[in-house]
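In what follows, a single structure is set out as structure tokens and then discussed.
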Amino acid sequence: MKVAIQGVEGCYHQLAARQYFGVNTAVIPCLTFQDLIDTVENNPACDAGVMAIENSLAGSLLTNYHLLMESDLVIHGEEYVYIGHHLLGLPGQRIEDIKEVRSHPMAIKQCMPFLRTLNGIKITETADTALSAKEIAEYKSKDTAAIAGEICTDLYGLESLIPNIQTNKQNYTRFLIIKKNTIPLNGGIKDKASVYFRVADEPGSLLKVMQIIAAHDINLTKIQSFPVIGEKWLYYFFADLILPKDLDFEKVRQALTQVTNGLTVMGTYKNGL
């Protein structure tokens, strides 16, 4: 397998790829999420992509919903990754020698109470957690530490000076596994579906959708609204549905089509939880 990820090697996207496809999975690093989409769509050497879609603390990545909707890719699966931030440095580095800590702004925010205990340090925001770790290894920065995942210790020869420095220990990110719609999906259990749709701008239109979902004993685990670009105060709705065993989802799809505008099934796949 060759899997496109956003970020450099050692990022949490790579960890998600390893968890889903196996530890020996080769990755194709991409600078941005748009690059990731383009790579999965156009690079014949790429088998799939891994894309973050929501975090248990920070919420949804709305831009990524738009990117998926505008692409021809399908959701093949999902993977939940525990985000354990480590303070990483060169082998033998001492905490008292650290003058600067570098990492992605979100990682810094999630570790700020710990960082406040390190007196007199400079905090520098960077584009990527793993990139911060990689640069310390490349430049042998003895007075600099990075906040990144433990996976970077093996990849870049660093040490975990202090593990799990994030404030909230229940920090998870959900990643989607995406593929071309021309690539056959694996068989097996498909008990989750992701869809998006519009409804008429009139009273009760969204309620009709909810009534169909409830009537089929479907668990609606997520519904996210976001604006229709170019149209004033109109919205799409993105929904994640947990499907009961033996449910004929095609019949549900047909029923939902009758009460929505432009219902699109982005994928049916195995629930990652």
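Using every alpha carbon pair in the chain, what percent of pairs falls into each 5 Å bin from 0 up to the bin containing the largest distance? With a bin width of 5 Å, the distribution comes to 1, 5, 12, 15, 15, 14, 12, 9, 7, 5, 3, 2, 0, 0. Across every direction, the projection of the convex hull enclosing the Cα atoms of the range 86-162 has a mean area of 4.2 nm². Helix 129-139 and the long axis of the chain differ in direction by around 30°, with both axes built from C-alpha atoms.
In the range 130-256, the alpha-carbon atoms span a convex hull of 242 Å³ per residue.
Output the pairs from 2/122; 2/251; 180/245; 169/192; 99/169 with a Cα-Cα distance over 30 Å in this structure; if there are none, say none. Please report the intermediate quantities before stating the final value.
On the way: 2/122 38 Å; 2/251 35 Å; 180/245 27 Å; 169/192 27 Å; 99/169 26 Å.
From 2/122; 2/251; 180/245; 169/192; 99/169, over 30 Å: 2/122; 2/251.
Taking a point 7 Å from the Cα of residue 208 along the Cα-to-Cβ direction, the residues of the range 242-263 with backbone N closer than 11 Å to it are 256-261.
Computed 3J(HN,Hα) for the range 77-91, one whole-Hz value per residue from the Karplus formula 6.51 cos²θ - 1.76 cosθ + 1.60 where θ = phi - 60°, is x, 8, 9, 9, 10, 6, 9, x, 7, 10, 8, 10, x, 5, x, glycine and proline marked x.
Report the FRET efficiency, 1/(1 + (r/R0)^6), for residue 226 and residue 248, where r is their Cβ-Cβ distance and R0 is 22 Å, rounded to 0.05.
Working: r = 29 Å, r/R0 = 1.33.
With a Förster radius of 22 Å, E is 0.15.
Taken together, the values in this text are just the output of simple stated rules run on the coordinates, not laboratory data. This is a predicted model, so every value here is computed, not measured. Heads up, the Cβs are rebuilt from the backbone with ideal geometry, glycines too, and the neighbour counts pull from every protein chain shown.
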